[in-house]
1. Leaving out ligands, DNA and RNA but keeping every protein chain, what accessible area does HIS103 have, in Å² rounded to the nearest 10, with a 1.4 Å probe?
2. Rounded to the nearest 20 Debye, what is the dipole magnitude of the chain about its Cα centre when Lys and Arg each give +1 and Asp and Glu each give -1 at the C-beta?
3. Relative to the first principal axis of the alpha-carbon coordinates of the chain, what is the inclination of helix 18-28, with its axis defined by its Cα atoms, in degrees from 0 to 90 and to the nearest 10?
4. Heavy atoms only, 1.4 Å probe, whole protein assembly: order CYS13, CYS69, CYS137 by accessible area, highest first.
5. Can you give me the Cα centroid spacing of region 95-147 and region 1-79 in angstrom?
6. To the nearest 10 Å², what's VAL84's accessible area with a 1.4 Å probe?
7. Convert each backbone phi in region 128-144 into a coupling constant with the Karplus relation 6.51 cos²θ - 1.76 cosθ + 1.60 (shift: θ = phi - 60°), then list the ³J(HN,Hα) values in order as whole Hz, x for Gly and Pro.
8. Please identify the cysteines of the chain that lack any partner cysteine with a Cβ under 4.7 Å from their own Cβ.
Amino acid sequence: MSEYSWPSENGWCQATGADVAWTETVRALPVGTPIAGEVIGRQPFGAFLSIDGRPEAVGLARIDRMPRCMELPTVRQLVTGEVVWHAEHNHQVGIMLREWAEHEDLLPRFVERVGQVVTGHVTKIAPIGFFVRIADCVEGLVPLTEPVADLAKNVSEGQDVSVRIIAVDLEKARVRLSAEGVG
């Protein structure tokens, strides 16, 4: 099975009469209704869900509501969530997955920590620098500049390093770091 698939590729077949049942689906699943279901397909834009007790309904958990450090649930994974919208044109029920809704974005906490030295874990080395995870779902870039280039030669993925928080851009969800004695 590939990483992405449509519900029909995973053996799911929408109940007969789904178009006729749409009005009843919307009535039975108003915005705010808790749901449970199973992932029946994955696409780059989100995960399709079968909704328990509503065989005519297709749920969609859109990736734009997913925290940036999480991944789409896998096909056949059981999930819970809440109805957040209805799409008349394709008879889909928008779902916010519970694990996504309960996830706290820690990035804003680092705005007040600019200038501080923290310890993090090197997650990736790239031509532009190296990335360091400083908290759950919070990674920053130590850009390769002349003074840092020599230090970067001594860095490897998985290594713990001390870095200084230089800037936090909440709008772009970016953290700029500087190396503090890497090596």
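The values are calculated or read from the model by the stated rules, or taken from the named source; none is laboratory data. Remember, predicted model here, so these are calculated numbers, not experimental data. Virtual Cβ from ideal backbone geometry, glycine too; neighbours counted across all protein chains shown. The accessibility values were calculated without ligands, DNA or RNA, using every heavy atom of the protein model including side chains. Shrake-Rupley method; radii C 1.70, N 1.55, O 1.52, S 1.80 Å.
1. 50
2. On the way: 17 positive and 25 negative charges, 60 e Å.
For this selection, approximately 280 debye.
3. Once rounded, one gets 70 degrees.
4. Details: CYS13 110, CYS69 55, CYS137 25 Å².
Accessible-area ranking of CYS13, CYS69, CYS137, largest first: CYS13, CYS69, CYS137.
5. Region 95-147 and region 1-79 have Cα centres separated by 31 Å.
6. Counting only protein heavy atoms, the figure is 40 Å².
7. 8, x, 10, 9, 10, 7, 9, 6, 4, 6, 10, 10, x, 10, 9, x, 7
8. Here CYS13 come out as lacking a disulfide-compatible partner, given the Cβ-Cβ threshold of under 4.7 Å.
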